[in-house]
1. So how exposed is S103, as accessible area in Å² (1.4 Å probe, rounded to 10)?
2. With a sphere of radius 10 Å drawn around the Cβ of N100, what net charge do the other residues whose Cβ falls strictly inside it have (Lys, Arg +1; Asp, Glu -1)?
3. Beta carbons within 10 angstrom, averaged per residue: use that to sort the peptides 169-178, 122-131, highest first.
4. Convert each backbone phi in segment 137-149 into a coupling constant with the Karplus relation 6.51 cos²θ - 1.76 cosθ + 1.60 (shift: θ = phi - 60°), then list the ³J(HN,Hα) values in order as whole Hz, x for Gly and Pro.
5. To the nearest 10 square angstrom, how much accessible area does D58 have with a 1.4 angstrom probe?
6. For q values of 0.13, 0.14, 0.19 Å⁻¹, compute log₁₀ I(q)/I(0) with the Debye formula on a Cα-only model of segment 40-167, without solvent.
7. Summing +1 for each Lys or Arg and -1 for each Asp or Glu, what net charge is found among the other residues whose Cβ lies under 15 Å from the Cβ of L46?
8. Quick check for you: with a 1.4 Å probe and neighbouring chains kept, what is the accessible area per residue of segment 148-190, in Å²?
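The values are calculated or read from the model by the stated rules, or taken from the named source; none is laboratory data. The shown structure was predicted, so the numbers you read here are calculated from the model rather than taken from an experiment. Glycine gets a Cβ as well: all are built from the backbone with ideal geometry, and neighbour counts include every protein chain shown. To get the accessible areas, we keep the full protein, side chains included, count just its heavy atoms, and leave off ligands, DNA and RNA. Shrake-Rupley method; radii C 1.70, N 1.55, O 1.52, S 1.80 Å.
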Amino acid sequence: MKLGKFTRKIMLASFASMAMASGASATNVLLFDDFIYANDVWGTALAGLGVNVTSVTDDSAFNAAIGGGYDLVVVQLDSTGHSLDLSSYLSGGGKLIYGNWMSTDDATVGVTQGSVNQYGMQITSAALSAGLSSATQALTNPTYGIFSRELDGAVSLATLGSYSGILQTYNDQIIVNGFLGETMALTTDEVRLYQNEVTLLMAPVPEPSTYAMLGAGLVLLGVAARRKRSA
């Protein structure tokens with residue numbers, strides 16, 4: 001079946017647009033991990049993705065940096081007494097991966113807290129469990145008073161206790177983890193999980209015009225096929 005030049009151009013343009021969108025990812029990441037127990041898990045995860053990372057170590061540096069046009073912000077809080085300015089960044093459409101043992105920012109990130117110190121997490125999202133040794137993860141407590149907490153709200157990506165251990169909130173703009181750093185039994189699994197979260201959160205949605213262009217190409221392809229059959 002031969003396609004006209006116009007049909008070929010539409011098909012090639014639409015597939016190229018889809019390919020460009022699917023290849024997009026976070027390139028500039030702001031990371032605030034306030035405590036590293038033994039392994040820099042988030043640092044390792046982001047380094048493995050080949051992204052540009054700006055790391056900050058205190059609230060004032062974070063609040064000053066968050067307006068810097070980052071593709072993604074990662075916050076992992078294992079200590080107390082933080083006061084972060086997340087609202088402006090999120091209202092502008094910014095993407096966030098957030099973990100905290102306290103409920104300080106729960107209203108801002110769209111979750112409510114259930115019971116604490118739950119040990120068994122079942123990752124129900126295939127996108128997040130990809131490459132892990134198991135979708136069932138036993139959480140451990142290195143030294144923390146509270147090392148995990150049930151979360152409720154929006155889209156559940158993993159169960160923990162009676163509720164969720166990982167949530168996606170604010171129309172897929174935020175991923176909230178209900179466990180602290182270095183609480184998964186295998187560090188390699190935790191690194192891969194974080195990488196999967198970045199990939200899932202930053203997966204682009206093609207513009208409506210791209211779908212329209214692809215649809216037009218498929219229609220013309222169908223017309224060409226019918227003409228060939230009737231010839």
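1. Accessible area of S103: about 70 Å².
2. So the surrounding residues net to -3.
3. 169-178, 122-131
4. 10, 8, 7, 10, 10, x, 8, 6, x, 10, 10, 8, 8
5. Surface open to solvent at D58 totals about 60 Å².
6. The Debye formula, applied to the Cα set alone, gives -0.61, -0.71, -1.33.
7. Neighbourhood net charge equals -3.
8. Spelled out: the 1.4 Å probe surface of segment 148-190, per residue, equals 33 Å².
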